[in-house]
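Shown next, in structure tokens, is the structure this report addresses.
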Amino acid sequence: MSDNLHHGPLYRDTPLILSVSGVNKAFDGFKAIDDLNFYLEEGELRTVIGPNGAGKSTFMDIITGCTRPDSGSVTLHANDGHDVNLVKLKEFEINRLGIGRKFQTPSVYKSHTVYDNLVLSLNRARGVLKTFFYKETAEDRECIMEVLKTIRLESRVHDLAGMLSHGQKQWLEIGMLLAQGPRILLIDEPAAGMSDEETERTGELLLGLEKKHSLIVIEHDMEFIRQIARKVTVLHQGHVLKEGTFDRVQSDPAVVEVYLGRQGKKDTNK
Ligand code: ADP
Ligand code: MG
């Protein structure tokens, strides 16, 4: 059996949470996304790699409603058994359905404490009025303490977010997403600009979220991918070039040609 087969909904044991099928998106005639098919299982941690311009960010933009595809479908399989077509929805509506996105640069509230950043985020999902009249419940506090533990910032809880290191700010932002209780987390290059130690801790953090959430992680750092890889999707020219384990993908001649090969060349030029 070809390992390039796109496993459609008919062939799986674990339920799907997200189906992207036959999606196309062109910018001024240039096909950034070209007949893209992508299926994410409930609780899965998926990594997406690919050279610059492969369409990775556009892919996330389409899922989050930031960009509307020209054709194809994006379906969220809700836990009550209903399917929701995301293509017609606005960004905030998609976010409310439980799809959270973390952009590359952290955008925490620097003059608020770590704790307050999490409270603000918890409330963002609830609307302005509720935030205005907010009274912390024991349940909220428990949720925040749980998030703090996950992102390992318990000891920094009363510090201003602006005082955190770059890596810690990234973790806080992941925590802010978690406080909203998302079903799917989309994370774009979480290890960018981090030290080796921070990168490794980020990997542990993401691995700890598997099963509780479904995750799509875009990343360039191959060591980091190796650390967290389960199923890896390689994008090239807006299309899935290959899908499989890290070892399988890494040793695939077509992948080496378009992605790793290019990196290798860059390295020898140094
Ligand atoms: P990646 O994240 O994999 O580096 P992108 O999704 O950012 O790739 O981009 C894919 C291709 O689509 C690139 O060639 C990029 O120049 C183009 N592209 C992305 N967004 C736009 C846009 N808003 N307008 C025009 N071209 C775009
Ligand atoms: Mg990108």
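Observations on the structure shown:
- The Cβ shell under 15 Å around residue 145 holds other residues with a net charge of -3, Lys and Arg each +1, Asp and Glu each -1.
- For segment 147-227, the C-alpha radius of gyration divided by 2.2 N^0.38 Å, with N the number of residues, is 1.04.
- Normalised by residue count, segment 67-111 yields a Cα convex hull volume of 111 Å³ per residue.
- On full extension, the segment bounded by residue 107 and residue 140 gains 9.7 nm, given 0.36 nm per residue less the C-alpha separation.
- Label-to-label distance, residue 223 versus residue 163, with points set 7 angstrom from Cα along the beta-carbon direction: 3.0 nm.
- Look at the dipole of segment 28-157 built from charges on Cβ: of 50, 137, 62, the Cα furthest out on the positive end belongs to 137.
- Look at the dipole of the chain built from charges on Cβ: of 185, 214, 203, the Cα furthest out on the positive end belongs to 185.
- In this Cβ point-charge picture (+1 for Lys and Arg, -1 for Asp and Glu), the chain has a dipole of about 500 debye about its Cα centre.
- With every protein chain in place and a 1.4 angstrom probe, the accessible-area ranking of 165, 121, largest first, reads 165, 121.
- Protection proxy ranking, peptides 166-177, 48-59, 247-258, 30-41, average beta carbon neighbours within 10 Å, highest first: 166-177, 48-59, 30-41, 247-258
- Accessible surface ranking for 66, 143, 1.4 angstrom probe, highest first: 66, 143.
- Against the chain, whose longest principal axis comes from its Cα atoms, helix 166-178 is set at around 80 degrees.
- Using C-alpha pairs below 8 Å separated by at least 6 residues, the relative contact order for segment 76-231 is 28 percent.
- Solvent accessible area, Å² - residue 90, 1.4 Å probe, full protein context: 120 Å²
- Whole-Hz Karplus values for segment 34-49 come out as 10, 6, 7, 10, 8, 10, 10, 8, 4, x, 7, 10, 10, 9, 10, 10 Hz, taken residue by residue from phi with 6.51 cos²θ - 1.76 cosθ + 1.60 and θ = phi - 60°; glycine and proline positions read x.
- Each label point was placed 7 Å from the Cα along the Cα-to-Cβ direction; for residue 196 and residue 27 their separation is 3.5 nm.
- Linear extension gain, residue 256 paired with residue 120, 0.36 nm per residue minus alpha-carbon span: 44.6 nm
- For residue 211, the aspartates and glutamates whose Cα comes closer than 14 Å to its Cα, not counting residues fewer than 8 places off in the same chain, are 41, 42, 44.
The values are calculated or read from the model by the stated rules, or taken from the named source; none is laboratory data. Not measured: the values here are computed from a predicted model. Don't worry about glycine lacking a Cβ; one is built from the backbone with ideal geometry, like all the others, and counts go over all protein chains shown. Just so you know, the surface numbers come from the protein's heavy atoms only, side chains and all, with ligands and any DNA or RNA stripped out. Shrake-Rupley method; radii C 1.70, N 1.55, O 1.52, S 1.80 Å.
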